[in-house]
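A.B. asks: For reference, the structure I am asking about is given below.
Laboratory data are not the source of any read-out in this text; all were calculated from the coordinates shown. Here the structure is a predicted model, which is why all the values come from computation and not from measurement. Please note: Cβ atoms are built from the backbone with ideal geometry, for glycine as well, and neighbour counts cover all protein chains shown.
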Amino acid sequence: MRPWLRFAVTGVLVGVSQQACTKEPPPAPPADARRGPHYTAIQETGTKVNGTLIVELTVTQKGFEPSPVLLRQGEPVTLLVTRKTDQTCATELVLEDYGIHEKLPLGKLVEITFTPRQAGMLRYGCAMEQRTAGAFYVE
Ligand SMILES: [Cu+2]
């Protein structure tokens, strides 16, 4: 289950999760982020169970980890999210495109399931305009 690495835009994605809530969110990455000039790793991680990808996410002082995670269009994903810190504003996971607004109680595992409909970068984050953010790369 060692995740292998893929590539996407740095600056944008690596920086995002470490920003304080007082900063403006960075601009969205280009649609074709994986072929952009600045690369960082997209992680292929998780375990497939009956056609659903199970991905564990944690909220740490760095934000949502791991990020970005590779997902596939039309393949259901279940996120198992555990918030492990009170030091960020990420007390909720908001994935606006899918109508997801889940509270993340400290130390409690929260299960979120959705099916990516569109290829490309998919951002999510805290409730405050997603200033603590993570991303999925859907292919
Ligand atoms: Cu926030």
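A.B. asks: Go ahead and run the numbers for FRET between Lys48 and Lys108, Cβ-Cβ distance against an R0 of 35 Å, rounding to 0.05.
C.D. replies: Working from the Cβ atoms, E equals 0.90.
A.B. asks: For the residues Val49, Val59, Val110, what sequence is obtained by ranking on other C-beta atoms within 10 Å, fewest first?
C.D. replies: Val49, Val110, Val59
A.B. asks: A further question on this structure: From Cα coordinates alone, what are the radius of gyration and Dmax values for segment 66-139 in angstrom?
C.D. replies: According to the Cα coordinates of segment 66-139, Rg and Dmax are 11.9, 35 Å.
A.B. asks: Which net charge results for the neighbourhood of Gly51, defined as the other residues with beta-carbon distances under 14 angstrom from its beta-carbon, given Lys and Arg at +1 and Asp and Glu at -1?
C.D. replies: Charge balance near Gly51 sits at +1.
A.B. asks: Under a Cβ-Cβ cut-off of 10 Å, what is the net charge of the residues other than Arg123 that fall near it, where Lys and Arg count +1 and Asp and Glu count -1?
C.D. replies: Local charge sum for Arg123: -2.
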